[in-house]
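Shown next, in structure tokens, is the structure this report addresses.
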Amino acid sequence: MATLRRKLPPLTGLTTFEAVARLESFTKAADELGVTQAAVSRQIHLLEEALGFSLFNRLHRRVELTAKGRALSGATSTAFNLIAETVADITPSGTEGELTIAASVAFSHFWLMPRIASFSSAHPAIGLRIVSQDRAATLDGGDVDLAIRYGNGIWSDGRAEMLFADEIFPVCSPEYAQRLGQIKEPSDLLGHPMITSDTNDPSWTGWHEWLAAFAIQAPKRLPGLRCSFYTEAVYAALNGQGVALGWRRLVQSFLDRNALVRLTDSSIMTRNGYFLVVAPRRSRNDRLERFVEWIKADVGAEGVVGKAEAGQTQPANR
């Protein structure tokens, strides 16, 4: 043990280094660790002195790992996560433990939360923490057990398993549909208020991409309400503000109770889909396995997303 201690740099310095490397910021690391930025800088300086080389390039308003810093970052992240997971596994508890599930705000709000009671009923000893944020939560920090992400399934921080693709079509409130009149073709929507939502995700389908799938060129600025989040767009449609794009898996409950109506049989299928993403080190977690089994069974019970009639459904242009 004495030999091992002599080989390792100070643990406080390694802990500080892991936070700075992960957050790419001395200031953010100081906030997370509950210390001053000066204390973080001091620990990194002492660690670099002990190692005999620089771990970061200090750039204007940011820091960047050196080649040796990147190597040490990978090792410390893996080691700390393994220690944290092992401690969690061997620590006695009155419950089976807590699972942290991360998903987008829309997926959590419209799909996950209405169903989560059935999991809790089947597994009352497993506590759940739902992290809803549109910025994808990373799995290499050790805080998140499972992420539900929309995309192509290629992520470096975890193993992805396809949950489902989706079907996208225009929706609005029944009262607004009466005012619109009959919509026979996608082009009939032009000129009517189209509710949009901002996103930085290039894989997300908006009105321009949806219309382009039917060879319709829409004006750069569409008439209608512009929202910051997809959840706001759906609620605006529910309140009769115009027409929104409905992702069937997310708005099905509103369609079932006639709070929203589908305006046309025309739709597009997503080329990307929703994936369950698990960090490799979490793959043998019994609590996580139970959640994955539950969500896959729920999706299976919901059925496969069907395409609209031939000639009316186009593949999403991604």
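What follows draws every value from the coordinates through simple rules; no lab data is involved. Keep in mind the model is a prediction, meaning the values are calculated, not measured. We place every Cβ from the backbone using ideal geometry, glycine too, and count neighbours over all the protein chains shown.
Can you tell me the dipole magnitude for the chain around its Cα centre, using point charges on the Cβ only (Lys, Arg +1; Asp, Glu -1), in Debye to the nearest 20?
Dipole magnitude for the chain comes out near 720 debye.
May I ask for the percentage of alpha-carbon pairs in the stretch 234-283 that lie more than 17 Å from each other?
Within the stretch 234-283, distances greater than 17 Å cover 49 percent of Cα pairs.
Check cross-link reach from LYS184 to the lysines: straight Cα distance under 27 Å, and skip same-chain residues fewer than eight apart.
LYS220, LYS307
Would you compute, from DSSP H runs of 4+ residues alone, the mean residue ellipticity of the chain at 222 nm, taking -39500 (n - 2.57) per run and dividing by the full residue count, rounded to the nearest 500?
-11500 deg cm²/dmol
Restrict the search to the stretch 96-150; then list the trypsin sites (Lys or Arg not before Pro) that DSSP places in a loop and that have at most 13 other Cβ atoms within 10 Å of their Cβ.
ARG135
Just to confirm the number: angle between the C-alpha axis of helix 67-90 and the first principal axis of the chain, 0 to 90 degrees, nearest 10?
The answer is roughly 80 degrees.
So what's the net charge close to ALA218: Lys and Arg +1, Asp and Glu -1, counting the other residues with Cβ under 15 Å from its Cβ?
Spelling it out: positives minus negatives among the neighbours equals 0.
If we count every other residue with Cβ under 9 angstrom of ASN200's Cβ, Lys/Arg +1 and Asp/Glu -1, where does the sum land?
-2
Which value, in nm² and rounded to one decimal, describes the direction-averaged projected area of the C-alpha convex hull of the chain?
The directionally averaged projection comes out at 20.6 nm².
Provide Rg and Dmax in Å for the stretch 110-187, with only Cα atoms included in the calculation.
Cα only, the stretch 110-187: 18.6, 52 Å (Rg, Dmax).
Please determine, in degrees from 0 to 90 and to the nearest 10, the orientation of helix 11-23 with respect to the longest principal axis defined by the Cα atoms of the chain, where the helix direction is its Cα long axis.
With rounding to tens, the tilt is 20 degrees.
How about the stretch 233-267: which trypsin sites (Lys or Arg not before Pro) there are in a DSSP loop, with at most 12 other Cβ atoms within 10 Å of their Cβ?
Those satisfying the criteria are ARG257.
At a Cα cut-off below 30 Å, give the lysines reachable from LYS28, other chains included and same-chain residues fewer than 8 away excluded.
Correct list for LYS28: LYS7, LYS68.
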